1. Looking at the range B:439-495, how many pairs of lysines come closer than 21 Å at the Cα, when each pair is eight or more places apart or spans two chains?
2. So what's the back-of-envelope 222 nm ellipticity for chain B, counting only DSSP H runs of four-plus at -39500 (n - 2.57) apiece and dividing by all residues, rounded to 500?
3. Spelling out what I want: for every residue of the range B:41-51, take phi, set θ = phi - 60°, compute 6.51 cos²θ - 1.76 cosθ + 1.60 (Karplus), and round to whole Hz; glycine and proline get x.
4. Around B:Gly479, under 13 Å between beta carbons, what's the net of Lys plus Arg minus Asp minus Glu among the other residues?
5. In whole Å, what is the distance between the alpha-carbon centres of the range B:198-255 and the range B:100-156?
6. Quick check for the range B:319-430: number of Lys pairs with alpha-carbon distance under 15 Å, counting only pairs 8 or more apart or on different chains?
7. Quick one: what are the phi-derived ³J(HN,Hα) couplings along the range B:52-68, Karplus 6.51/-1.76/1.60 with θ = phi - 60°, whole Hz, x for glycine and proline?
8. To the nearest 20 debye, what is the magnitude of the charge dipole of the range B:319-430 about its Cα centre, counting +1 on the Cβ of each Lys and Arg and -1 on the Cβ of each Asp and Glu?
Amino acid sequence: MSVDIDTVKRVAKLARLAVTDERAERMQGELNAILGFVEQLNEVDVDGVEPMTSVVEMEMRKRADVVTDGNKAAEIVSNAPASEDNFFMVPKVIE
Amino acid sequence: MTLIDTRTPDPKRFIAGTTDDWEIIIGLEVHAQVTSKSKLFSGASTEFGAEPNANVSLVDAAMPGMLPVINEECVAQAVRTGLGLNAQINLRSVFDRKNYFYPDLPQGYQISQFKDPIVGEGIVTVSVGPDKQGNFEDIEIGVERLHLEQDAGKSMHDQHPTMSFVDLNRTGVALMEIVSKPDLRSADEAKAYITKLRTILRYLGTCDGNMDEGSMRADVNVSVRKPGGDFGTRCEIKNVNSIRFIGQAIESEARRQIAILEDGGTIDQETRLFDPAKGETRSMRSKEDAHDYRYFPDPDLLPLEFSQAYVDQLKSDLPELPDAKRSRFIGEGLSAYDASILVSEKAIADFFEQVAEGRDSKTAANWVINNLLGKLNETSQEIEDTPVSPDQVGGIIDLIKEGTISGKIAKDLFDIIWEEGGDPAEIVESRGMKQVTDTGAIEAAVDEVIAANPDKAEQAKEKPNLAGWFVGQVMKASGGKANPQAVQELVKQKLGIE
């Protein structure tokens, strides 16, 4: 499997990355190298092997339903380029 | 997903276009907010109406390096809901990232479940009706799946000329997305389905069903076809937030599609919005890439696994659900109609059961439905607001049964207790509302009415129906306190009617 330049540009757009034509070409090469490597892995016969989700045998940790966090709105918005009354302000996102 | 048509086309559900009859095909994706104290993957509060960004942790704000840890109660709630929907519970499910960019979702992806949801196929039995003959029809609506996911935040667009304001309090609150099969065939069926779903969730205590606060919202998929034909192209109406609007959105969207098709056009698969003010749907946005969410398993979360014993434990702790309660009530002598009304809200069913304890259940049902629910409806109040307690209603019923008050006086007594409270027996005593059962006094009243109306008394010998008029007059004269049966007997006896 390999990707063409349009696919690279589309994926970049979906990821909100600005990519020049020149960089897109370079990325196409890099992505195809990665896909080639994955294709190589695909050659391994994994019939009957359980998919591995973690290198250590463990269960997902769960927490109890208790409120332990919050009430720090000023801190939450402190990195935002713009805020008012502890709201984030962003360029208008409605048509 | 392969679409299988489980329903037989029925002309009574068709709608007429200009040239043909059409059948509407509907599927609902209901987003129900899980009842929990804290969020799905963070310890911030889920409370509604907090100050902007007060219920936000660094996890919800997607600060770099923060890791999600799952709330075990949200998992239990999803399993309970699955059990309540008679659904397959998956002992192993997986969280995926659904990638898209929007300011109310700072992670840049929503943690959801795609390939392996926590709950699989289930069934909801929905009662639709009454039709013109007063009959209800039970239909089975398939549930495709239920999965857990994060809610997004809230954007406000009217606070500033060029900026939107974003509040992340809702970001990360647990949602259950409950996806139906395309089994619904009319707006009424869709409304009955979501009403039933809401009732089940409220019984289970897994979602408060508060649509005003956005705890339940639905995406509605609508397509039309010639009866029995292939499924048509569907449109998805996003985020409809009331049961009434769901009905309106379906009706108007079906009409729009039929008009296009009968004009020889084709339907574009697209996302639409329902505008309640205009009562119609409109295209939401061009979403060329919108459905390219590039799902992949979230590397921050291990698969969600639990044992069958865990599921069994949750199952044994489930409350009695509406269908089971309805069957039990019918078994105790109630009509299907009365039983359906009483189980529509758990609080109503509980109230009824307290009244019915040690009393005739049919009488108790009549009092709860006709008097209590009637009055609540009249005053636009919910069962939770009732000023009259089950004990008070029970007290009134007991007074009727003992013959202390008549049915008519009982209604006055109910109104007095509604306004002023108090013990039914004491009020009857102190206000002289007791029924007159003293035959002598009633006899005198009957004699009086007959003496005052000799013509009518004469006619009554020919037309026994007139006895009712005399009974009415005597009751009126006694201020409703005379025992109606005693009056009836005496009137007949005095008038010489058998």
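Throughout, read-outs are computed from the coordinates displayed, never taken from laboratory work. Not measured: the values here are computed from a predicted model. FYI the Cβ positions are ideal-geometry reconstructions off the backbone, even for glycines, and counts take in every protein chain you see.
1. 11
2. Values: 16 runs with 180 residues, N = 498.
Mean residue ellipticity at 222 nm (helix-derived): -11000 deg cm²/dmol.
3. Coupling constants for the range B:41-51: 10, 9, x, 7, 6, 9, 4, 7, x, 6, 4 Hz.
4. Working: positive: B:Lys408, B:Arg431, B:Lys434, B:Lys476, B:Lys481; negative: B:Asp412.
Counting the neighbours of B:Gly479, the net charge comes to +4.
5. Spelled out, the Cα-based centre of one part sits 9 Å from the other.
6. Details: B:Lys325/B:Lys346; B:Lys362/B:Lys401; B:Lys375/B:Lys411; B:Lys401/B:Lys411.
Summing the qualifying lysine pairs gives 4.
7. So the J values, rounded to whole Hz, are x, 6, 6, 9, 10, 9, 5, 5, 5, 7, 6, 5, x, x, 7, 10, x.
8. The dipole of the range B:319-430 has a size of about 560 debye.
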